[in-house]
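Here is the structure we will look at, set down as structure tokens.
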Amino acid sequence: MPWRESTPMSERNEFVAFASRENTSVSALCRRFGVSRKTGYKWLRRVQEQGWQGLVDRSRRPHRSPARTASEVEALVCELRSEHPAWGGRKLHHVLRREGTAQPPAPSTITDILRRHNLLSPERRTQRDWQRFEEPRPNALWQMDFKGYFPTSQGRCHALTALDDHSRFNVCLAACPDQRAETVQAQLTHACQRYGLPERLLMDNGSPWGSDAAHPHTRLTAWLIRLGVTVVHGRPYHPQTQGKEERFHRTLGVEVLARQTSWQSLAEVQHAFDRWRDVYNLRRPHEALGQVPPASRYAPSQRTFPTSLPPIEYAPDDCVRKVQQKGLIHFRGREFLVSRAFIGEPVALRAADDGVWDVYYCHQKVGQVDLTC
């Protein structure tokens, strides 16, 4: 399967975006990105002296043109719209202003320009009747899901995506050949090595993170819990629980997948994903964030991905049992089903009520034993 490869420019952009945040250790960030401190400070110095163009090849379009005529402004708007056909007047206005255009046209004026040049496509907005929620800080919660598959000449492509709930920063966008647990674990490992571990990870109840609401855990979720990540499953038949993922998938479809009718390979899809991911994270204004890009609100987690799984430790007064074949444990002379996901692993039982015991795997409650039944 094609591994997602970050381009050097993508890594530099992310490095500078994260290093610019307060209380950031540049040395730790250099280790995270696998570069020397000398190289890291060189990137920061170039941006300070030359702006973002110090990291990239100079664009043919000037960043600042105070004497630009109306026709040149229209040409600039049309060029940017051609690069991003799904962006409307507000997004184009904020990008032009942020990237140095002196007195960019108002969003309504940009909309008129697009209409005059037949670049304005009708867009239907749907009303949302659920309440939005947002975590108060980066990495408190990631949302993860697969977008529906689409064909390539070499087979199906399953787009695996993961977003930081607070910032909408995309930490994973991978073109996968299947939805197997091994595939997801490899992509999650890559993301967590770069961005650290989230506190919680929200997913639905389907494969590979669960078989259904009654059996929510798999070997994949057991691996996450072992890493210290709390696994959270959405309510069955309520896709709005992962509303940010649903919205991201819609944007991905409009801005990437709809622009090409056929794909030759997973590698071609991944290349397109990587290019667009930089735009989405670092440049594209996000309406829910006040028209700033997700990278402006994101910082990597301080919880680094371990080189080996940490040992499982429980309190001295916990009743510890090893999960046997078929996911069973023996307790007080009886057998109880926990989950096949934890076969061979120790779990802890803690008294919750008269005759009722909570079952924990590492830090997370994964079941309950009722001796009164």
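The values are calculated or read from the model by the stated rules, or taken from the named source; none is laboratory data. Only a predicted model underlies this, so the values are computations on that prediction, with no experimental measurement involved. Note that we place each Cβ from the backbone using ideal geometry, even for glycine, and neighbour counts take in every protein chain shown.
Things to note:
- Subset tally (residues that are modelled with pLDDT under 80 and not in a loop (DSSP other than H, G, I, E, B)) for region 115-148: 2
- Members of region 323-334 that are closer than 27 Å to Arg200 by Cβ and surrounded by fewer than 20 Cβ atoms within 10 Å (Cβ to Cβ): Gly327
- Of everything in region 19-38 that is more than 14 Å from Thr304 (Cβ to Cβ) and part of a helix (DSSP H, G or I), the residue that is farthest from the chain's Cα centre (by Cα) is Lys38.
- Within region 343-357, considering residues that are in contact (Cβ under 8 Å) with a residue 12 or more places away in the chain and exposed (fewer than 11 other Cβ atoms within 10 Å of the Cβ), the one nearest to the chain's Cα centre (by Cα): Gly344
Per-residue answers, yes or no, for (1) touching a strand residue (DSSP E or B) at 6+ places or on another chain (Cβ under 9 Å); (2) under 30 Å from Thr251 (Cβ atoms); (3) surrounded by fewer than 17 Cβ atoms within 10 Å (Cβ to Cβ); (4) of a type in the set (Gly, Ala, Ser):
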| position | (1), (2), (3), (4) |
| --- | --- |
| His286 | yes, yes, no, no |
| Leu289 | no, yes, yes, no |
| Val292 | yes, yes, yes, no |
| Ala295 | no, yes, no, yes |
| Ala299 | no, yes, no, yes |
| Ala315 | yes, no, yes, yes |
| Cys319 | yes, no, yes, no |
| Phe336 | yes, no, no, no |
| Ala341 | yes, no, no, yes |
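- In region 187-205, the residues that are closer than 24 Å to Leu257 by Cα and more than 14 Å from the chain's Cα centre (by Cα): Asp204
- Complete set of residues in region 93-102 that are of a type in the set (A, V, I, L, M) and either assigned to a helix (DSSP H, G or I) or crowded, with 16+ Cβ neighbours inside 10 Å (or both): Val95, Leu96
- Cross-chain or 6+ apart pairs with Cβ under 8 Å, region 69-92 first and in a helix (DSSP H, G or I), then aromatic (Phe, Trp, Tyr) and buried (at least 19 other Cβ atoms within 10 Å of the Cβ): Leu80/Trp87; Arg81/Trp87
- When restricted to residues that are closer than 20 Å to Cys172 by Cβ and touching a helix residue (DSSP H, G or I) at 6+ places or on another chain (Cβ under 6 Å), region 302-319 contains 1.
- All of (1) surrounded by fewer than 17 Cβ atoms within 10 Å (Cβ to Cβ); (2) farther than 19 Å from Arg21 by Cβ hold for Arg303 with one exception: (2).
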